[in-house]
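One structure is given below, encoded as structure tokens.
The values are calculated or read from the model by the stated rules, or taken from the named source; none is laboratory data. Worth saying up front: this structure is predicted, and the values here are computed from it rather than measured. No Cβ is skipped: glycine too gets one built from the backbone with ideal geometry, and neighbour counts run over all protein chains shown. Side chains are part of the model used for accessible areas, which takes the heavy atoms of the whole protein and leaves out ligands, DNA and RNA. Shrake-Rupley method; radii C 1.70, N 1.55, O 1.52, S 1.80 Å.
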Amino acid sequence: MSFVIIEHNGVKYRVPIANTNAGVWVGFAGGAVLYRPQKDTKKQSKQDKVVAPMTGKIIDVYVQEGQQVAADDILIVIEAMKMEYRLKAPRAGKVISVDCNHGELVDLGAVLITINT
């Protein structure tokens, strides 16, 4: 994981970023956002994997296998560096697998949830 310093209106912010196979995770107070490279729609996968944006501890799992989710639904809350990050569904679909448990420590890039679209 890396950090960048961003200055906005004279205030400097230290922002965690993590480059993964799925894209680049950018952390902020109370959440994280995954920025993905543009995909060729002809080759687009029918499954999306939600991965850990950094090493941390799973403190909440809001979904279970077989559950339908909408785009941007909160799936998991992970705690890292004394901050909570809410990981959201990249798109609407059905949860195929939940590969983490409450209280579990996970590494950067670990697959946490798989969604079938």
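Looking across the range 80-117 at every residue that is under 18 Å from residue 28 (Cα atoms) and touching an Asp or Glu at 6+ places or on another chain (Cβ under 7 Å), the one that is surrounded by the most Cβ atoms within 10 Å (Cβ to Cβ) is identified as 89. Screening residue 24 with (1) in a loop (DSSP other than H, G, I, E, B); (2) open to solvent by 50 Å² or more (accessible area, probe 1.4 Å); (3) within 26 Å of residue 2 (Cβ to Cβ) gives one miss only, at (1).
Annotation note: Cβ proximity below 7 Å between a residue of the range 1-29 that is without any contact (Cβ under 8 Å) to a residue 40 or more places away in the chain and closer than 19 Å to residue 52 by Cα and a residue that is of a type in the set (Ser, Thr, Tyr) and in a strand (DSSP E or B) (sequence gap 6+ or interchain) occurs for 17/2; 23/35; 24/35; 26/35. In the range 31-65, the residue that is farthest from residue 1 (Cα to Cα) out of those that are modelled with pLDDT under 85 and open to solvent by less than 30 Å² (accessible area, probe 1.4 Å) is 31. Residue check: residue 103 meets all listed conditions (1) over 12 Å from the mean Cα position of the chain (by Cα); (2) assigned to a strand (DSSP E or B) but one, namely (2). When the range 66-79 is filtered for residues that are more than 15 Å from the chain's Cα centre (by Cα) and open to solvent by 80 Å² or more (accessible area, probe 1.4 Å), only 68 remains. Identify all residues within the range 60-100 that are part of a loop (DSSP other than H, G, I, E, B), among the charged types (D, E, K, R) and free of Cβ contacts under 8 Å to residues at least 24 places away in the same chain; write none if there are none. The answer is 72, 73, 82, 99.
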